[in-house]
Amino acid sequence: MTQTASSSPAAAPRPVHDIVIIGGGAGGLELAARLGRRFGPREGRRRVLLIDRSIFHLWKPSLHEVAAGSLDSHQEGLSYPVLARRNHFSFAFGDLTGLDPANKTLTLGEIHDQDGAVLVAPRTLAFNTLVLAIGSGSNLFNTPGAAEHAHLLEDVADAEAFNKRLTSAFLAAAYSDDRRLSIAIVGAGATGVELSTELIEGHDELSAGLTPDQRFDIDVTIVEAAPRILGGLPERVSTKAAQALEAKGVRLLTDAKVQAVHTDRLETSRGAIPADLIVWAAGVKAAETNRDLGLTTGRLNQFVVDDRLRTSAPDIYALGDCAEAPGPDGRPVPARAQAAAQQAAYLAQALADPARDPGPYVYRDRGSLVSLGGDRGVGSLMGNLSGPNFLIEGLIAKWAYMALHLDHHRAILGVRRTVILALSRLLHRRVSGRLKLH
């Protein structure tokens, strides 16, 4: 249970950590790596501490591939201690459970083993500067049954849990009387759209290796409350993506509000949707426990920050999905990986040289890309906020999408190691195949 701001131990421990970053996602990890390299081997490890609840890092936009079985999280994941050594920062395993902004201390919860035994007792750390990069989760919109019956894709554990259920469902469908598997995805954002294509292509690869009497059909339905899919992207991108999904056999149900979730179906404003498996990929909302940390939070439990990413408490910053940062159009900066990366670059400059004012943070939309499986993709690229918007699709869009992933690895591994990693994964996929059921 999360402790309130006033429940931290009275005595502040020593030593005091200079810069503590909570959360090793795209933004937090890139910030730690940038600062560590900026300070150098000796000073970086002494000054910068990254804390995460996992021992390895996986780029969050890849979770749908883990869920569908087209990506092995243990092969794709990068060890935080190894990244810390190479980028000259320190790493600690832990989960934030309490914060005392006034005394500049934070509390990390107990660490348990698989049997529930306590391995590490709660710890309290002191800091000079704190950066919160703890991400966000799905918004269930208080939908009855959603928490109990729908699978979420908020972290690696969620994606792996769904993949296990999917593997079992494949086996059951292959030996069922009607030989059919129905999957419903709530939410037609990038995660829902990309997951649907991975499921279709994974099923196609599996079917090619089964005997005729074991082959089964798969029905994938995306349910979206808005009038179109990919509502945050330009309409022509949405149209192209919808055409590609329908060509693959994905059923799109727009203008359909989910009213309830059951074990075997969705109740929507447009009727019932039978489903053997249900995935909830709609909405973004930060953890309710953020409200207990003594900082000002917004409607979606995000930490409210100013145009320099400062929270309501001195020397405490927030970035990425957990931050409600002012955007150029008066609306908050969208919860996207590119925003987290830009904020990490901004804070790295601001924290490395506090005497030099970098000016306010300004979000720059570089466009959006969506993978549609195989050699297909679609997206829009823009040079600046007022410039033209370019539609790209097909293999070029797919390559551009892959380049985004590689650019994140470049930021934490460097160019040489990123090239080696990309080649090794390409060769491994050639040998082991696309679908992984183990």
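Of the numbered criteria (1) assigned to a loop (DSSP other than H, G, I, E, B); (2) of a type in the set (A, V, I, L, M, F, W, C); (3) at pLDDT 95 or above; (4) out of contact with any Phe, Trp or Tyr (no Cβ under 8 Å at 6 or more places or on another chain), the one L295 fails is (4). Looking only at the stretch 85-139, which residues are aliphatic (A, V, I, L, M) and open to solvent by 40 Å² or more (accessible area, probe 1.4 Å)? Residues satisfying the conditions are A102, A117, V118, L119, V120, A121, I134. Considering only residues that are in a strand (DSSP E or B) and either within 22 Å of the chain's Cα centre (by Cα) or at pLDDT below 95 (or both), which ones fall in the stretch 298-311? Those that are in a strand (DSSP E or B) and either within 22 Å of the chain's Cα centre (by Cα) or at pLDDT below 95 (or both): F303, V304. Looking only at the stretch 39-58, residues that are in contact with a strand residue (DSSP E or B) (Cβ under 9 Å, 6 or more places away or on another chain) and either open to solvent by 10 Å² or more (accessible area, probe 1.4 Å) or on the phi > 0 side of the Ramachandran plot (or both) come to 11 in all.
L347 fulfils the conditions (1) of a type outside the set (D, E, K, R); (2) closer than 27 Å to V415 by Cα; (3) at pLDDT below 95 except for a single criterion, (3).
For the stretch 65-83, the set of residues classified as of a type in the set (D, E, K, R) and either surrounded by fewer than 16 Cβ atoms within 10 Å (Cβ to Cβ) or in a loop (DSSP other than H, G, I, E, B) (or both) consists of D72 only.
Out of (1) within 30 Å of T191 (Cβ to Cβ); (2) of a type outside the set (K, R); (3) assigned to a strand (DSSP E or B), the odd one out for Q114 is which? Single failed check for Q114: (3).
L381 fails exactly one of the following numbered conditions: (1) within 22 Å of the chain's Cα centre (by Cα); (2) at pLDDT below 95; (3) open to solvent by less than 50 Å² (accessible area, probe 1.4 Å); (4) of a type in the set (A, V, I, L, M). What is the number of that condition? If we test L381 against (1) within 22 Å of the chain's Cα centre (by Cα); (2) at pLDDT below 95; (3) open to solvent by less than 50 Å² (accessible area, probe 1.4 Å); (4) of a type in the set (A, V, I, L, M), just (3) comes out false. One residue stands out among those in the stretch 121-150 that are closer than 20 Å to R53 by Cβ and in contact with a Phe, Trp or Tyr (Cβ under 8 Å, 6 or more places away or on another chain): the one that is modelled with the lowest pLDDT, which is S138. How about the stretch 94-119: which of its residues are in contact with a Phe, Trp or Tyr (Cβ under 8 Å, 6 or more places away or on another chain) and in contact (Cβ under 8 Å) with a residue 24 or more places away in the chain? Within the stretch 94-119, K104, T105, L106 qualify. Looking only at residues of the stretch 271-295 that are free of Cβ contacts under 8 Å to residues at least 60 places away in the same chain and open to solvent by 50 Å² or more (accessible area, probe 1.4 Å), we find that the one that is farthest from V186 (Cα to Cα) is R291. Looking only at the stretch 238-258, which residues are more than 15 Å from A275 (Cα to Cα) and either surrounded by fewer than 17 Cβ atoms within 10 Å (Cβ to Cβ) or of a type outside the set (A, V, I, L, M) (or both)? S238, T239, K240, Q243, E246, A247, K248, G249, T254, D255, K257 - these are the residues of the stretch 238-258 that are more than 15 Å from A275 (Cα to Cα) and either surrounded by fewer than 17 Cβ atoms within 10 Å (Cβ to Cβ) or of a type outside the set (A, V, I, L, M) (or both). The set of residues in the stretch 1-38 that are more than 22 Å from A318 (Cβ to Cβ) and modelled with pLDDT of 90 or more contains only R37.
Quick one: which strands (runs of 3 or more DSSP E) lie wholly within the stretch 196-270 and hold at least 1 residues that are under 24 Å from A147 (Cα atoms) and in contact (Cβ under 8 Å) with a residue 60 or more places away in the chain?
Values: elements: 217-223, 251-253, 258-261, 265-268.
Here the list reads 251-253, 258-261, 265-268.
Can you name every residue in the stretch 156-169 that is of a type outside the set (G, A, S) and buried (at least 18 other Cβ atoms within 10 Å of the Cβ)? V156, D158, F162, N163, L166, listed by residue number.
Kindly indicate the residue of the stretch 333-360 that is in contact with a Lys or Arg (Cβ under 7 Å, 6 or more places away or on another chain) and of a type outside the set (A, V, I, L, M) and also most open to solvent (accessible area, probe 1.4 Å) among those meeting that condition. By that ranking, first place goes to P360. So in the stretch 170-191, with the set limited to residues that are under 30 Å from V237 (Cβ atoms) and modelled with pLDDT of 95 or more, which one is most open to solvent (accessible area, probe 1.4 Å)? Here the residue is S182.
Applying the condition of being in contact with a Ser or Thr (Cβ under 8 Å, 6 or more places away or on another chain) and not aliphatic (A, V, I, L, M) to the stretch 102-128 and asking which residue is farthest from S312 (Cα to Cα) yields P122. Within 21 Å of H64 (Cα to Cα) and under 14 Å from the mean Cα position of the chain (by Cα): does that describe L152? It is true that L152 is within 21 Å of H64 (Cα to Cα) and under 14 Å from the mean Cα position of the chain (by Cα).
The values are calculated or read from the model by the stated rules, or taken from the named source; none is laboratory data. This is a predicted model, so every value here is computed, not measured. Positions of Cβ are backbone-derived with ideal geometry, glycine not excepted, and every protein chain shown enters the neighbour counts. Areas reflect the complete protein model, heavy atoms only, side chains present, ligands, DNA and RNA absent. Shrake-Rupley method; radii C 1.70, N 1.55, O 1.52, S 1.80 Å.
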